[in-house]
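Chemist: This structure is in C-alpha cells; I'll ask about it shortly.
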Amino acid sequence: MVSPSGASAQTVRYVPLIEMCSMSYAYRAVVQGLLWLVWIINAAINFRLRNITSSFNESREMFVACAAVFTLLAFNTVILYTHPLYPTNMALRITETLCSHMIANFLWWFIMFRSMYNCAIRRDMYLAEWKDKLVRDGLQKQYQIARTDPFS
C-alpha cells in the first residue's frame with residue numbers, strides 16, 4: 001500500500017532497459033527494518049511465553065524457527081546492502097533462493113518429523129503417551145479425555 005502512494009523514485013520503480021525493479025535505499029531500509037521488527041517482537045513474545053506449560057511444546061519449535069529466520073534475514077540484509085545490484089547476479093539470487101527453501105524445508109521437518117515418525121512406527125504407544133501428557137498437563141477435562149477412554 002505504501003509503494004503506489006509514494007513517488008517511484010522514493011520506493012520501487014521498474015527499469016525497462018534491464019527488465020528489473022529498482023528499490024531506493026530508504027525504502028529498502030524501511031522494508032528490512034519492518035521485517036526485523038516483526039521477528040524481534042515475535043521472538044520477544046515467544047521468549048516471554050517459554051515457561052508456560054503446554055502439551056504442544058511450541059517454545060522449542062519457535063526458538064528454532066526464530067533462529068533460522070534471523071539467520072536468513074541477516075543473510076538477506078547483508079546481500080541487499082553489500083550487493084545493491086544483486087538481482088543481476090545469478091549466483092547470489094540462486095544462493096538466496098536455495099537458502100530460503102532449505103530453511104523452510106528444515107523447519108517443516110523439524111516440527112513434523114517426530115509426530116509423523118511416531119504415528120507411522122509406534123502409533124498406539126504414541127497415542128497413549130500423548131493422552132498421558134494431556135492428563136499430566138491438566139487438560140483432561142478440556143479435551144474430554146476420560147481415564148476409561150477405549151482408545152488409551
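Chemist: Is there a residue being hydrophobic (A, V, I, L, M, F, W, C), modelled with pLDDT of 90 or more, under 25 Å from SER24 (Cα atoms) and in contact with a Leu (Cβ under 8 Å, 6 or more places away or on another chain) anywhere in the stretch 71-79? Can you show your working first?
Modeler: Within the stretch 71-79, the first condition is being hydrophobic (A, V, I, L, M, F, W, C), and the residues that meet it are 72-75, 78-79.
The next check asks that each one be modelled with pLDDT of 90 or more; those that pass are 72-75, 78-79.
Filter once more, keeping what is under 25 Å from SER24 (Cα atoms): 72-75, 78-79.
Next cut, in contact with a Leu (Cβ under 8 Å, 6 or more places away or on another chain) only: 73, 79.
Taking every residue of the stretch 71-79 in turn, at least one turns out to be hydrophobic (A, V, I, L, M, F, W, C), modelled with pLDDT of 90 or more, under 25 Å from SER24 (Cα atoms) and in contact with a Leu (Cβ under 8 Å, 6 or more places away or on another chain).
Chemist: Name the residue that is modelled with the highest pLDDT, counting only residues in the stretch 56-66 that are open to solvent by less than 40 Å² (accessible area, probe 1.4 Å) and of a type outside the set (A, V, I, L, M).
Modeler: Filtering the stretch 56-66 for residues open to solvent by less than 40 Å² (accessible area, probe 1.4 Å) gives 61, 64-66.
In the following step, the residues that additionally are of a type outside the set (A, V, I, L, M) were identified as 61, 66.
Values: GLU61: 86, CYS66: 93.
In this case the residue turns out to be CYS66.
Chemist: Cβ-Cβ below 8 Å, separation at least six or inter-chain, first residue in the stretch 65-76 and hydroxyl-bearing (Ser, Thr, Tyr), second assigned to a helix (DSSP H, G or I): which pairs?
Modeler: From residues that are hydroxyl-bearing (Ser, Thr, Tyr), the pairs are THR71/ILE103.
Chemist: Here's another thing I want to ask about it. If I ask for residues that are more than 19 Å from MET62 (Cβ to Cβ) and part of a loop (DSSP other than H, G, I, E, B), which ones from the stretch 110-140 would you list?
Modeler: ARG122, GLY138, LEU139, GLN140
Chemist: Identify, by number, the condition in (1) modelled with pLDDT of 90 or more; (2) of a type in the set (Gly, Ala, Ser); (3) more than 20 Å from the chain's Cα centre (by Cα) that SER152 doesn't meet.
Modeler: SER152 satisfies every listed condition except (1).
Chemist: Sticking with this structure for a sec: Just name the residue that is farthest from ALA44 (Cα to Cα) out of those in the stretch 67-85 that are in a helix (DSSP H, G or I) and open to solvent by 50 Å² or more (accessible area, probe 1.4 Å). Don't jump to the end; show me each part of the working.
Modeler: First, the residues of the stretch 67-85 that are in a helix (DSSP H, G or I): 67-82.
Of the ones still in play, those that are also open to solvent by 50 Å² or more (accessible area, probe 1.4 Å) are 70-71, 75, 78, 81-82.
Working: PHE70: 13, THR71: 16, PHE75: 21, VAL78: 23, TYR81: 26, THR82: 28 Å.
If we take residues in the stretch 67-85 being in a helix (DSSP H, G or I) and open to solvent by 50 Å² or more (accessible area, probe 1.4 Å), then THR82 is farthest from ALA44 (Cα to Cα).
Chemist: Could I ask something else about it? Show the residue pairs meeting these rules: Cβ distance below 7 Å; 6+ apart or different chains; first residue within the stretch 36-47 and free of Cβ contacts under 8 Å to residues at least 60 places away in the same chain and open to solvent by less than 70 Å² (accessible area, probe 1.4 Å); second residue polar (S, T, N, Q) and part of a helix (DSSP H, G or I).
Modeler: Partner pairs satisfying both residue conditions: ASN46/SER59.
Chemist: Residue check, ARG13 against (1) part of a helix (DSSP H, G or I); (2) open to solvent by 80 Å² or more (accessible area, probe 1.4 Å), all met but one. Which one?
Modeler: Condition not satisfied by ARG13: (1).
Chemist: List, please: which pairs have Cβ atoms under 8 Å, are six or more places apart or on different chains, and start with a residue in the stretch 114-143 that is on the phi > 0 side of the Ramachandran plot and at pLDDT 85 or above and end with one that is of a type in the set (Asp, Glu) and open to solvent by 70 Å² or more (accessible area, probe 1.4 Å)?
Modeler: So the pair list comes out empty.
The values are calculated or read from the model by the stated rules, or taken from the named source; none is laboratory data. Here the structure is a predicted model, which is why all the values come from computation and not from measurement. Here Cβ is always computed from backbone atoms with ideal geometry, including for glycine, and neighbour counts include all displayed protein chains. SASA here: full protein model, heavy atoms, side chains in, ligands and nucleic acids out. Shrake-Rupley method; radii C 1.70, N 1.55, O 1.52, S 1.80 Å.
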